[in-house]
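*Asks:* Dropping the structure in here first, questions after.
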Amino acid sequence: MDFDLTEEQELIRSTVREFAETVLAPRAREMDEKAEFPWEETKKMAEQGYLGAQIPKQYGGSELDSVSYAIMIEEISRAVCGIGLTLQIHNSACAQPIVQFGNEEQKKKFLPRLAKGEIIGAFALTEPGAGSDAQSLRTTATPKGNEYILNGSKIFITSGPVAGVALVFAITPSAEEAKRKPISAFLVEKGTPGFSAGAKEDKMGMRAAINSELMFDDCRIPKENLLGKEGDGFRIAMTILDSARIGASAQAVGLAQAAFEEALKYSQERVQFNRPIARFQAVQFMLAEMATQIESARLLTHQAALLKDKGARFTKEVAMAKLYSSRMCTEVVSKAVQIHGGYGYMKDYPVERYYRDAKVLEIYEGTSEVQRMVIAGQLLKS
Ligand SMILES: Cc1cc2nc3c(=O)[nH]c(=O)nc-3n(C[C@H](O)[C@H](O)[C@H](O)COP(=O)(O)OP(=O)(O)OC[C@H]3O[C@@H](n4cnc5c(N)ncnc54)[C@H](O)[C@@H]3O)c2cc1C
């Protein structure tokens, strides 16, 4: 497998890095403190084409390959990981399913607006009683005439309060009768009567992204907003989660890279026992370990992205990338705080924020335990 980046991919890294360092990084601390949706920055990212990263050009997108997409998410997350999360859900978990499973009318209706950032996309699978066990959904979509009536609720939904369209998974009793898996996927638009968002969650980290409950109370949506066929929902969700895990893995690489760079700099500035702490082998070994772990995670992420673009199966490889990268990230960020000593525990230093941001990478887009289940399932499959 060829891991060399093309000239275009190198260019994407340098342009996204420059954008992230000049537009996003200066407001990182404020975004963490205020925990408000960063509209201004999102508009600027749309102008750069980041909101239509993998949308085909004919619908106004940038049509990036998956390695370029991973690089983009890595560089944005290196500056503000919460924005990496928002971008990643918008692109991989809302726009991408429409690209992959939508009909022509749905593509024309939603993709150009998603690419321009006129609407923000959300992905709504998790429910109070259905997290890792995604098949145990309770939200129902009952067909009635030319509509479906949705009832139920979703929790922890990224961009929930601001989303212009949410991809919502619900039980369709009619699919069950037809002996198909009874989960279907629907595009639910903001402003649809009966559709509302709950209050913004107060989170430990990733506070530049906002999350909330979504409620459906006799919410009537037109039949043309069904994505794919009735009963396709579980397959759509699992396919999309494979793709989305490339982004989650890239987020972990970007966040760990930021923490490593801070630790590397600090270790050369901080003097104890009359010498920079970087002169102590214990600190050097931490830095060496961190750099090696980050590079390994980056390669695993790019491997999954390359396989996806080749059209090969990548379920196992992307689960490995997500499992390893998220664990790596919490370890690297913890070492970065350790190298900063007491200063690393103070909000004046960004590693304090990185430490809070990192943990959730082992939880969303499938917990580490779920990734192990996926990997083992693939290994044992004959
Ligand atoms: C910041 C954030 C953003 C999110 N964004 C979204 C979003 O945009 N859209 C969306 O749909 N969801 C979103 N989620 C939800 C997220 O995907 C779920 O939290 C996650 O899938 C885990 O589900 P749960 O929280 O219900 O935990 P549970 O499934 O209840 O798991 C609890 C623990 O039990 C373990 N466990 C469960 N089953 C097994 C098993 N069979 N074997 C071994 N261990 C097991 C888990 O690994 C975990 O450690 C988000 C969550 C957070 C925190």
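*Asks:* Could you count how many residues in the range 179-194 are surrounded by fewer than 21 Cβ atoms within 10 Å (Cβ to Cβ) and within 16 Å of the ligand (Cβ to nearest atom)?
*Replies:* 1
*Asks:* Which ones in the range 228-247 are farther than 20 Å from Arg138 by Cβ, more than 13 Å from the ligand (Cβ to nearest atom) and touching a helix residue (DSSP H, G or I) at 6+ places or on another chain (Cβ under 6 Å)?
*Replies:* Matches in the range 228-247: Gly228, Asp242, Ser243, Ile246.
*Asks:* What is the one condition in (1) crowded, with 24+ Cβ neighbours inside 10 Å; (2) within 16 Å of the ligand (Cβ to nearest atom) that Tyr364 does not satisfy?
*Replies:* For Tyr364, the exception is condition (1).
*Asks:* What helices (runs of 4 or more DSSP H) lie completely within the range 41-113 and have 1 or more residues being among the acidic types (Asp, Glu)? So that I can check it myself, show each step before the final result.
*Replies:* Details: elements: 66-79, 81-88, 96-101.
Ranges flagged: 66-79.
*Asks:* Mind listing just one residue for me: the one in the range 195-213 that is within 13 Å of the ligand (Cβ to nearest atom) and assigned to a strand (DSSP E or B) and, of those, nearest to Gln135 (Cα to Cα)?
*Replies:* Glu213
*Asks:* Please go through the range 308-323 and pick out each residue that is within 16 Å of the ligand (Cβ to nearest atom) and of a type in the set (D, E, K, R).
*Replies:* If the condition is that a residue be within 16 Å of the ligand (Cβ to nearest atom) and of a type in the set (D, E, K, R), then Lys322 is the only one that fits.
*Asks:* Can I ask one more? Name every residue in the range 136-155 that is touching a residue at least 60 places away in the same chain (Cβ under 8 Å) and within 12 Å of the ligand (Cβ to nearest atom), in order of residue number.
*Replies:* Hits for the range 136-155 are Thr139, Ser153, Lys154.
*Asks:* Which residues, taken from the range 55-79, are more than 14 Å from the chain's Cα centre (by Cα) and among the aliphatic types (A, V, I, L, M)?
*Replies:* Within the range 55-79, Ile55, Leu64, Val67, Ala79 meet the criteria.
*Asks:* Taking into account only those residues within the range 208-225 that are touching a helix residue (DSSP H, G or I) at 6+ places or on another chain (Cβ under 9 Å) and among the hydrophobic types (A, V, I, L, M, F, W, C), which is farthest from Gly191 (Cα to Cα)?
*Replies:* Ala208
*Asks:* Considering only residues that are polar (S, T, N, Q), near the ligand (Cβ under 8 Å from one of its atoms) and either over 26 Å from the mean Cα position of the chain (by Cα) or part of a loop (DSSP other than H, G, I, E, B) (or both), which ones fall in the range 156-178?
*Replies:* Of everything in the range 156-178, just one residue is polar (S, T, N, Q), near the ligand (Cβ under 8 Å from one of its atoms) and either over 26 Å from the mean Cα position of the chain (by Cα) or part of a loop (DSSP other than H, G, I, E, B) (or both), namely Ser159.
*Asks:* Of the residues Ser334, Ser326, Ser296, which single one is within 16 Å of the ligand (Cβ to nearest atom) and of a type in the set (Gly, Ala, Ser)?
*Replies:* Of Ser334, Ser326, Ser296, the one residue that is within 16 Å of the ligand (Cβ to nearest atom) and of a type in the set (Gly, Ala, Ser) is Ser326.
*Asks:* On to the next question. When you scan the range 185-193, do you find a residue that is more than 21 Å from Ile98 (Cβ to Cβ) and either among the basic types (Lys, Arg) or in contact (Cβ under 8 Å) with a residue 12 or more places away in the chain (or both), even just one? Give the steps one after another, and end with the answer.
*Replies:* Looking only at the range 185-193, we keep the residues that are more than 21 Å from Ile98 (Cβ to Cβ), and these are 193.
Of the ones still in play, those that are also either among the basic types (Lys, Arg) or in contact (Cβ under 8 Å) with a residue 12 or more places away in the chain (or both) are 193.
So far as the range 185-193 goes, yes, one or more of its residues are more than 21 Å from Ile98 (Cβ to Cβ) and either among the basic types (Lys, Arg) or in contact (Cβ under 8 Å) with a residue 12 or more places away in the chain (or both).
*Asks:* Would you call Ala291 in a helix (DSSP H, G or I), in contact (Cβ under 8 Å) with a residue 24 or more places away in the chain, under 30 Å from Ile157 (Cα atoms) and more than 16 Å from the ligand (Cβ to nearest atom)? Lay out the reasoning, then the answer.
*Replies:* Working: in a helix (DSSP H, G or I): yes; in contact (Cβ under 8 Å) with a residue 24 or more places away in the chain: yes; under 30 Å from Ile157 (Cα atoms): no; more than 16 Å from the ligand (Cβ to nearest atom): yes.
In short, no.
Residues are listed down the side, and each one gets a yes or a no for (1) crowded, with 24+ Cβ neighbours inside 10 Å; (2) under 29 Å from Arg356 (Cβ atoms):
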site: Thr42; (1), (2): no, yes
site: Tyr50; (1), (2): yes, yes
site: Gly61; (1), (2): no, no
site: Leu111; (1), (2): no, no
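*Asks:* Take Ser325 and tell me if it is buried (at least 22 other Cβ atoms within 10 Å of the Cβ), polar (S, T, N, Q) and within 22 Å of Met373 (Cα to Cα).
*Replies:* Yes: the conditions hold for Ser325.
*Asks:* If only one of Val370, Val332 is assigned to a helix (DSSP H, G or I) and either closer than 30 Å to Val271 by Cβ or modelled with pLDDT under 95 (or both), which one is it?
*Replies:* Numbers: Val370 fails: either closer than 30 Å to Val271 by Cβ or modelled with pLDDT under 95 (or both).
Within the list Val370, Val332, the selection yields Val332.
*Asks:* If you go through the range 118-147 one residue at a time, how many are farther than 30 Å from Val374 by Cβ, surrounded by 16 or more Cβ atoms within 10 Å (Cβ to Cβ) and touching a Phe, Trp or Tyr at 6+ places or on another chain (Cβ under 9 Å)?
*Replies:* Qualifying residue count for the region: 1.
*Asks:* If you go through the range 104-134, how many residues are away from the ligand (no atom under 12 Å from the Cβ) and in contact (Cβ under 8 Å) with a residue 40 or more places away in the chain? Steps first, please.
*Replies:* Going through the range 104-134, the residues away from the ligand (no atom under 12 Å from the Cβ) turn out to be 104-119.
Within this subset, residues satisfying the condition of being in contact (Cβ under 8 Å) with a residue 40 or more places away in the chain are 105-108, 110-119.
Adding up the residues that qualify gives 14.
*Asks:* Determine, yes or no, whether Arg353 is away from the ligand (no atom under 14 Å from the Cβ) and either in the same structural domain as Lys203 (by TED's automatic domain parsing) or assigned to a helix (DSSP H, G or I) (or both).
*Replies:* Values: away from the ligand (no atom under 14 Å from the Cβ): yes; either in the same structural domain as Lys203 (by TED's automatic domain parsing) or assigned to a helix (DSSP H, G or I) (or both): yes.
Considered against the rule, which asks whether it is away from the ligand (no atom under 14 Å from the Cβ) and either in the same structural domain as Lys203 (by TED's automatic domain parsing) or assigned to a helix (DSSP H, G or I) (or both), Arg353 comes out as yes.
*Asks:* Let me ask another. Report yes if some residue within the range 249-259 is within 13 Å of the ligand (Cβ to nearest atom), in the same structural domain as Lys335 (by TED's automatic domain parsing), assigned to a helix (DSSP H, G or I) and crowded, with 22+ Cβ neighbours inside 10 Å; otherwise report no.
*Replies:* The answer is yes; a qualifying residue exists.
*Asks:* Please verify whether the range 65-87 includes one or more residues that are touching a Gly at 6+ places or on another chain (Cβ under 9 Å), within 16 Å of the ligand (Cβ to nearest atom) and of a type in the set (Ser, Thr, Tyr).
*Replies:* Checked the range 65-87: at least one residue is touching a Gly at 6+ places or on another chain (Cβ under 9 Å), within 16 Å of the ligand (Cβ to nearest atom) and of a type in the set (Ser, Thr, Tyr).
The values are calculated or read from the model by the stated rules, or taken from the named source; none is laboratory data. Keep in mind that this is a model prediction, so the values were computed, not measured. With ideal geometry, Cβ positions are generated from the backbone for all residues, glycine too; neighbour counts draw on all protein chains shown.
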